[in-house]
Each structure stands twice: as C-alpha cells, then as structure tokens.
1. Suppose we keep only residues that are in contact with a strand residue (DSSP E or B) (Cβ under 6 Å, 6 or more places away or on another chain) and within 20 Å of Val56 (Cβ to Cβ) within the stretch 92-107. Which one would you say is surrounded by the most Cβ atoms within 10 Å (Cβ to Cβ)?
2. Would you confirm whether any residue within the stretch 67-80 is more than 22 Å from Asn35 (Cβ to Cβ), in contact with a strand residue (DSSP E or B) (Cβ under 6 Å, 6 or more places away or on another chain) and not in a helix (DSSP H, G or I)?
3. How many residues are closer than 23 Å to Arg19 by Cα and in a loop (DSSP other than H, G, I, E, B) when one looks only at the stretch 98-114?
4. Test Ile50 against the stated conditions and say whether it is closer than 18 Å to Leu161 by Cα, in a helix (DSSP H, G or I) and modelled with pLDDT under 95.
5. Being under 26 Å from Ser98 (Cβ atoms), in contact with a helix residue (DSSP H, G or I) (Cβ under 6 Å, 6 or more places away or on another chain) and among the polar types (S, T, N, Q) is the requirement here; does Ser167 meet it?
6. Only one of these is small (Gly, Ala, Ser) and touching a strand residue (DSSP E or B) at 6+ places or on another chain (Cβ under 6 Å): Ala110, Ala132, Ala128. Name it.
7. I'd like the full set of residues that are assigned to a helix (DSSP H, G or I) and under 16 Å from the mean Cα position of the chain (by Cα), limited to the stretch 115-157.
Amino acid sequence: MKPKEIIEGMNVSRETSQRLEVFENLITKWNPRINLVSRSSLDDLRQRHIADSIQVFRIAPAGTLWLDLGSGGGFPGLIAAILAIEERPDLKVTLIESDQRKAAFLRTAAREVGVICTVLSERIEHVAPVGADILTARALAPLSDLLGFAEQHLAADGTALFSKGVSWKNELETARQQWSFDVDVIESQTMPGAAILRIKGASRV
C-alpha cells in the first residue's frame, strides 16, 4: 500500500515518509503510557511535532555531530536522524533524555524505523562535553539555561537551534542579561508567533 503523505510541502521522499509513518504510529501507541506529547496535540501530531522538527532540520548548518537535549518523544532529534538517512548520511545524532521510559521509547523507535543513533539516559549536565556541531532543544528550559548547556556541549564554532513559543522575545531579553551571543530569529512555519532561535558564539557576560 502506498504510504500516505506525512507532511504537505515538506518535500520528503517515499522512504522517509514511510519511516515517519512508522514513527507516528509508535508515538500514538506509547503516548497513553508515558506521555511523550500532550494529549491535546496528539491529533495534530504531524503539524505540531513532526513538521515542526522537519523545519529545524532544514535550517541546520553543515556538520557531522548533532546533539539533541531533552529529546522526550524524539522531537526534533529523532526526526533529524530519520531525514539524515537520505539527506545527510554522514550526520551522527545523539539524543539525551534522562527519563528512563522515554529513553527506552527512543531506542525502540530508532530500531523500528531503521535509524542508527545514540541515546544517553542521563542528565544533560552529567554528560561529558560532546563538542557538537549542531545542538537542539525543544520545550525543554528557558533560553538562559539552554545557553549554559550549549556552553558545555557545543563546539566553539557550533550552532544552537532552539525552538521557542510566542514568548521568545522575553526569553531573549532575559538571556542577554547573562549572555552575549549572535542570533538569527527564524519565523516558525508551523506555529504563528513562534520562532527558531539560531545562535552562535554564546559567552557569559
């Protein structure tokens, strides 16, 4: 049977679409037990979570090591790993998720969609510095805290991509009281008023 179109306008191949469909079904199956996404957003999983993660992957710079913090249900890190199979085969993806049940889900999902990635079930601050080229986080912590994680795990010339909701301007203002950094604000394609903050060169004030 031909796989249904997962995301309109996101330009993914048939094979990637099949993997995303398997992943979507796994989220739906596991969610009642471990709350990978909010119940209210489950019916809009493709747009709210999958498409939102795809747009992060599309704006990510070149690099060979992607680190996703607080991966939860796999957004955006596992979606990035799925797309990378065809689009960026040299990319290695590591997911950090301290919740053991969610880490178990991530390992199961990676295996069932045919993705090779590393899942670390530890607290972010306890993981040895990774030196990632690309660092992502979604719905994890305030920007000031995320920049502290970036200081620990991002390579000196690396790029952080942080998905933020409609309060992103306030988070930027607060973070600038403690940090100096270069930022590009990229309007979200999936949530009005939200943004992806593309950050480089963060250092403490």
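1. Per the criteria, the residue is Leu106.
2. Checking the stretch 67-80: at least one residue is more than 22 Å from Asn35 (Cβ to Cβ), in contact with a strand residue (DSSP E or B) (Cβ under 6 Å, 6 or more places away or on another chain) and not in a helix (DSSP H, G or I).
3. Going through the stretch 98-114 one residue at a time, the tally reaches 1.
4. Against the criterion (closer than 18 Å to Leu161 by Cα, in a helix (DSSP H, G or I) and modelled with pLDDT under 95), Ile50 qualifies.
5. no
6. Every option except Ala132 fails the conditions.
7. Matches in the stretch 115-157: Ile124, Leu143, Leu146, Leu147, Phe149, Ala150, His153.
Let's see how each residue does on (1) closer than 20 Å to Asp157 by Cα; (2) of a type in the set (Phe, Trp, Tyr); (3) crowded, with 17+ Cβ neighbours inside 10 Å:
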residue	(1), (2), (3)
Leu67	yes, no, yes
Ile85	no, no, yes
Arg88	yes, no, yes
Arg111	no, no, no
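The values are calculated or read from the model by the stated rules, or taken from the named source; none is laboratory data. Here the structure is a predicted model, which means the values were calculated and not measured. Quick reminder, even Gly has a Cβ in these numbers, built from the backbone with ideal geometry, and neighbours come from all protein chains shown.
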